[in-house]
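Visitor: For reference, the structure I am asking about is given below.
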Amino acid sequence: MENVSINHLAVFAAALSDFFVGALWYSPLLFAKAWMKETGLTEEKMKKDNPFVKYGLTFIFSLIITYNLAFFLGDPKFTLSSYLLYSLLAGFGWASMAVGILSLFEMRGWKLMLMNWGYVTIAFVLKGLILGLWR
């Protein structure tokens, strides 16, 4: 691609969107209880974790993922539907399947794998939507 066009503010916003998707997806409203059961985490164990490191690294990783997606989708000829389709394919076809392979070797259950696949796929589609709307 010779004419890659990237809106850096859109990349920043799309990277932040992971936090909103995660906050809802892994909240008591949706999958918090099932996710904690499947991972073996407890409230006490989670309180001992350093949230600054975890969320800081999460944002850096999300930013890297989003820049990669933005370069992948950077063709000015792409339409919003292209952004959504390719984000869906990248989220489910690449990222979720990579999570699936890791989950198999970590001997994680299908329930956790499906929860994580859903999060990853929705997060990618939202990133694509943000990048596509805010070119």
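Results for (1) more than 14 Å from the chain's Cα centre (by Cα); (2) of a type in the set (Asp, Glu); (3) closer than 22 Å to residue 135 by Cβ, shown as yes or no for each residue.
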| residue | (1), (2), (3) |
| --- | --- |
| 21 | no, no, yes |
| 38 | yes, yes, no |
| 55 | no, no, no |
| 61 | no, no, no |
| 82 | yes, no, yes |
| 101 | yes, no, no |
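Visitor: From the set of residues in region 56-95 that are in contact with a Ser or Thr (Cβ under 6 Å, 6 or more places away or on another chain) and either in a helix (DSSP H, G or I) or at positive phi (or both), which is surrounded by the most Cβ atoms within 10 Å (Cβ to Cβ)?
Guide: The selected residue is 91.
Visitor: Picking from 23, 15, which residue would you name as being closer than 13 Å to residue 126 by Cα and among the small types (Gly, Ala, Ser)?
Guide: It is 15.
Visitor: Follow-up. Taking the condition of being touching a residue at least 40 places away in the same chain (Cβ under 8 Å) and in a helix (DSSP H, G or I), how many residues in region 21-55 meet it?
Guide: Of the residues in region 21-55, 7 are touching a residue at least 40 places away in the same chain (Cβ under 8 Å) and in a helix (DSSP H, G or I).
Visitor: Mind listing whichever residues of region 1-20 are part of a helix (DSSP H, G or I) and of a type outside the set (A, V, I, L, M)?
Guide: Answer for region 1-20, where residues must be part of a helix (DSSP H, G or I) and of a type outside the set (A, V, I, L, M): 8, 12, 17, 18, 19, 20.
Taken together, the values in this text are just the output of simple stated rules run on the coordinates, not laboratory data. Only a predicted model underlies this, so the values are computations on that prediction, with no experimental measurement involved. Cβ atoms come from the backbone with ideal geometry, glycine included; neighbour counts cover every protein chain shown.
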